[in-house]
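Before any comments, here is the structure.
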4 protein chains.
Amino acid sequence: MTRIGFLGPHATFTEQALRSLPASDGAELVPLAGSPAVLAAVRDGSVDAGCVPIENSVEGAVPPVLDGLVDDPPLMIVAEALVAVRFVLLARRGTSRGDVGSVASHGHGIAQTRGWLADHLPDAEVRVSSSTAEAAAQAARGEVDAAVSSPLAAEQHGLDVLADDIADNPGAITRFVLLTRPGPPPAPSGRDRTTLAATTLNRPGTLLGLLTELALRGIDLTRIESRPIKDRHAEYWFHLDCSGHVAEPAMGEALAALHRRCDRVRFLGSFPRAGDVAGPAGGAARDAAGSPAVPLGPASPEEFSAAQRWLDGLRDGTHT
Amino acid sequence: MTRIGFLGPHATFTEQALRSLPASDGAELVPLAGSPAVLAAVRDGSVDAGCVPIENSVEGAVPPVLDGLVDDPPLMIVAEALVAVRFVLLARRGTSRGDVGSVASHGHGIAQTRGWLADHLPDAEVRVSSSTAEAAAQAARGEVDAAVSSPLAAEQHGLDVLADDIADNPGAITRFVLLTRPGPPPAPSGRDRTTLAATTLNRPGTLLGLLTELALRGIDLTRIESRPIKDRHAEYWFHLDCSGHVAEPAMGEALAALHRRCDRVRFLGSFPRAGDVAGPAGGAARDAAGSPAVPLGPASPEEFSAAQRWLDGLRDGTHT
Amino acid sequence: MTRIGFLGPHATFTEQALRSLPASDGAELVPLAGSPAVLAAVRDGSVDAGCVPIENSVEGAVPPVLDGLVDDPPLMIVAEALVAVRFVLLARRGTSRGDVGSVASHGHGIAQTRGWLADHLPDAEVRVSSSTAEAAAQAARGEVDAAVSSPLAAEQHGLDVLADDIADNPGAITRFVLLTRPGPPPAPSGRDRTTLAATTLNRPGTLLGLLTELALRGIDLTRIESRPIKDRHAEYWFHLDCSGHVAEPAMGEALAALHRRCDRVRFLGSFPRAGDVAGPAGGAARDAAGSPAVPLGPASPEEFSAAQRWLDGLRDGTHT
Amino acid sequence: MTRIGFLGPHATFTEQALRSLPASDGAELVPLAGSPAVLAAVRDGSVDAGCVPIENSVEGAVPPVLDGLVDDPPLMIVAEALVAVRFVLLARRGTSRGDVGSVASHGHGIAQTRGWLADHLPDAEVRVSSSTAEAAAQAARGEVDAAVSSPLAAEQHGLDVLADDIADNPGAITRFVLLTRPGPPPAPSGRDRTTLAATTLNRPGTLLGLLTELALRGIDLTRIESRPIKDRHAEYWFHLDCSGHVAEPAMGEALAALHRRCDRVRFLGSFPRAGDVAGPAGGAARDAAGSPAVPLGPASPEEFSAAQRWLDGLRDGTHT
């Protein structure tokens, strides 16, 4: 049976995301403590795949995941899922807000409710947990007075909801990815995302060159992040999300061009773009991807094939 | 007397950075709880300037500072300082590592010592403080067993150093900025940085257009970050650091071009680039900026003036 | 009284073009032998302006005019006119086609009727005249049996039309320009052309850089020609026609950018684009310019002004 | 035996160029009247190849050759040769300059000696011949008093040289090309030129896009000409000479990209660049090509192969 690790314990937003993916059907889902542990378990083969958060619509990228993705040995993204995050304040039955002297959550839960906590629990001590579900477990065990966590965790641990929907920016969506060791990417779906990371020599214009290679081939860049390279001050890994699939000629040619141009380039996967947000109760589907289908201009597979046939004819002299 | 707020309490790395800046001479330094509080105090006039961390060579950007900078009303960076960050584990006299059941630090202190804590204090509860100095104060008051903080805080609170230099990536450098309300920027020093943020309409190629405007005028881009725009899914503020000063013609023309091209553009200041790392003991100065002076190509002020004089002559018909 | 030289003698297509320009009203029109003579007369002040052909829709650029324009001292184009060229075969009364052993025309008349002459007068000797009108005069004087010339010349010299509309590509349009010594350009009309010439150092990518400077500022390039630089093998003057006027900020900024980037750049004038074809009988006006109004994108004067005001505010600290 | 047509009659500069090419060894050289006749003879198979002038360092492109190259059916350039052109004034024995009332030459001979003729034979009637050699033949037959032709023609027709080296710009070099019907191009020599022609839709920025496709792949553009498209006013064929060979990956990828991007693109051949000027007496060889070897940047065949192997591995999952 397939084993899939995820940022545990049970009842995390990550588990919610994972369960929305077809790959989880019939698989053994293994909760692990922290995203780095999930990446490590995929790398060492103790699980077949792993699910971690990569980006939040309010907080931005998840730095340890981005940094972990470019470590060795390589990993590959094979699927993604979107989850609408809803934060609630949980406590054991009978606790009132006035009793809360300490509150725990995952770093992201703390960051996204910072304003609410400052307004409503200004004197509470804030503790970092390895996940929002673990914070709920801590509250259930009495190690902390309250937890910023999910409705699912309230249910699972039999906790009361002291306050609902307490995110400073409601409507936040988190994107999760399913990782495996490298192998053939999933077949193109016609609506794919390719994720990659690249470093450039620290010279003027190199990022521009990189983006031009993409744009010229009709490839849309949907996200760019820079992450400092640990021991090289003022140098960065650029993390890029693009429209398209490595099996398509436009993307293939662009990736080959980046391979020639960049100091290092790491292919992180081609996989179908998620279009439905997995909500707590199955949720009303909506297209969260936002951007319209990209006009690929001169980069359609048909145009690439026609151009290649023409070129082949030039080279062997059979036609012009 | 000038009042300058900083991410307090006393003995933070931010205070260290602030004291290395000439602007702190003779000023009243006002410790404030958290970067958002510093930004707010500058905005409401309760201080004349504020000092906050903006980027760390290991952890990357400081998201709440980036997000706070693009809020209203506008703020302006007028100086920057680099500090080599050294984390130590502090506790009250007599505490041994085996006694440590809880440890506090600022979120960045926790993030940068994550590996060390997992290896050496796997069972300790980790609490978030508003600053590393506040974590040391909590340890001194006995509210927590230990703190991840700075050597300066050890001294100030009379705490023992249980472990020195515990960062997962030693040699980290943090960049701090001094903020004021908008006004004339500092005079060009010949070695300046201009910081800005921009949003583009969510269309293919817009980021490329933005970078081309800079590159064509010989302006080097030294850093780019994307931060999600709170309530607009899949749209981003791009934060850019560039070589040059708004008073120079190349930068002026580029900024005007971005103003025409971008949905929104926020000028965040032109100021001398920091080249010396402020160490705990005054430290041996070294050039931490790394990248060589940028060859400005056809963008020197002299070339711009000559071209403008030529253009003026064309327009009034006095010469060609 | 203003004196305007033109490629003579009387009855040339050039005179037709000149008479369609308002500048010719009340001026003394001075026929001169050859385009180089017209350019020289403008330069030495013996005429106030001069009219010469610059481009033909069938034959392309007129090389001696392009080359003459970049000579010293500088000249400036202040107006243009389009003429639909119609070639006829003329001879003295009583001549039949079988009698024609020699035929004269200007080089362009010969080039544009090459096929017709080869088919219908294969054995006739072809002679080069300084203009089509001069060829008609030669036929009238009996120095040659027939001339390829204009209907106007037939009338003027009392010659018979042996064959009408004999151009190999009927419908050819020739563009003529009115030149003066440098001075303030005509006021912007809202539908202007700017003509310039530039040389670049012989390095890869320099032409690309030049075109990018234009495109980035929303300036449309409507024509590009390369002419070898006389004594520098494999180096070229690039002759460019662009949409817009030097008085407009987008064009001004682009010209200044070319001045910085190019080895040499020669401004050859900003003037209203001709939209009506001057036909022999006044002609039905039609828009011969062809291309639709250019979407100027971020380059409208209003956008430029707004951006400049914003920049001024940044620099003096009065606003952001 | 191979038959090669050339712009005749015997003793033209074209014959000189053709004889300098290895392909002429043992071939039957067939003089034809005019470049269009040479192109037509190659197309209809009455000769196996044809030699015509394409560009002159003083006069620029040879328009009828450029225009003829993009006609149908397609032709292909397989070799090129450079000839240093030297014009002399020839006449039958006993003729003095004062006797010259008429002078004949090819259009290019007339154009390149225009100044000299105006100065020294202002009253002579100038006649157009189909070649400079034919002009010499006319002088020998007494049909014209003198000819602007080549030293070779003087010898061949037993004519006197009335004036030597009469070109207005001495040192002119003409480039000639050898054409065949389409077939496999000559093998890469490591120092090749690729010639092509393209039309773009009449929209802003299309030429820029075309040049960017070349530049991004490290391909140097050494010449660009625009020729009006006969019956489409204000639209052009762009004629381009580039460094490199269609068999090389960088050029192959660039050609395929132009095929996708352009309205029409015509491959006109890949062939070794000529480096030696064929002078009348065999001549001292010199590198007339001028420009230094192009730094191909990220476009070497090795870099392309490495990138392709990497891409293949990504696609089949065998490596990253």
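The values are calculated or read from the model by the stated rules, or taken from the named source; none is laboratory data. Values in this document were obtained by computation on a predicted structure and should not be read as measured data. Cβ coordinates were reconstructed from backbone atoms using ideal geometry, including for glycine residues, and neighbour counts include every protein chain displayed.
Brief remarks on what is shown
- Checked against the criterion of being modelled with pLDDT of 60 or more and more than 30 Å from A:Arg266 (Cα to Cα), the stretch D:299-320 contains not a single residue that satisfies it.
- Qualifying positions in the stretch A:231-246 - over 18 Å from A:Glu80 (Cα atoms) and either touching a Phe, Trp or Tyr at 6+ places or on another chain (Cβ under 8 Å) or in contact (Cβ under 8 Å) with a residue 40 or more places away in the chain (or both): A:Trp237, A:Phe238
- Any chance B:Ser130 is touching a residue at least 60 places away in the same chain (Cβ under 8 Å), over 17 Å from A:Ser129 (Cα atoms) and not hydrophobic (A, V, I, L, M, F, W, C): no
- Selection within the stretch A:258-279 - at the interface with another protein chain (Cβ under 7 Å from one of its Cβ atoms) and either touching a residue at least 12 places away in the same chain (Cβ under 8 Å) or assigned to a strand (DSSP E or B) (or both): A:Arg261, A:Phe267
- Search result, residues across the stretch A:74-105 that are more than 26 Å from A:Arg193 (Cα to Cα) and within 12 Å of another protein chain (Cβ to nearest Cβ): A:Gly101, A:Ser102, A:Val103, A:Ala104, A:Ser105
- With respect to the stated conditions, D:Val144 fails to be buried (at least 24 other Cβ atoms within 10 Å of the Cβ), in contact with an Asp or Glu (Cβ under 7 Å, 6 or more places away or on another chain) and of a type in the set (A, V, I, L, M, F, W, C).
- The residue that is farthest from A:Leu117 (Cα to Cα), among those in the stretch B:124-136 that are within 13 Å of chain A (Cβ to nearest Cβ) and modelled with pLDDT of 90 or more, is B:Ala124.
- Taking every residue in the stretch A:291-318 that is within 10 Å of chain D (Cβ to nearest Cβ) and pairing it with any residue that is at pLDDT below 75 and part of a loop (DSSP other than H, G, I, E, B), at least 6 positions away or on another chain, the pairs with Cβ-Cβ distances below 8 Å are A:Trp310/A:His319; A:Gly313/A:His319; A:Gly313/A:Thr320; A:Leu314/A:Thr320.
- For A:Gly50, the criteria (1) at pLDDT below 95; (2) at negative phi hold in every case but one, which is (1).
- Test: residue in the stretch C:152-160 that is charged (D, E, K, R) and either crowded, with 17+ Cβ neighbours inside 10 Å or within 14 Å of chain B (Cβ to nearest Cβ) (or both): no
- So A:Thr194, is it touching a residue at least 40 places away in the same chain (Cβ under 8 Å), over 22 Å from B:Pro228 (Cβ atoms) and β-branched (Val, Ile, Thr): no
- Residues satisfying the stated conditions in the stretch D:95-110, i.e. closer than 14 Å to D:Gly142 by Cα, free of Cβ contacts under 8 Å to residues at least 60 places away in the same chain and surrounded by fewer than 24 Cβ atoms within 10 Å (Cβ to Cβ): D:Asp99, D:Gly101, D:Ser102
- With respect to (1) of a type in the set (Gly, Ala, Ser); (2) over 26 Å from A:Val62 (Cβ atoms); (3) more than 14 Å from every other protein chain (Cβ to nearest Cβ), the lone exception for B:Ala139 is condition (3).
- The number of residues in the stretch B:29-54 being farther than 17 Å from B:Ser150 by Cα, out of contact with any Ser or Thr (no Cβ under 7 Å at 6 or more places or on another chain) and not small (Gly, Ala, Ser) comes to 10.
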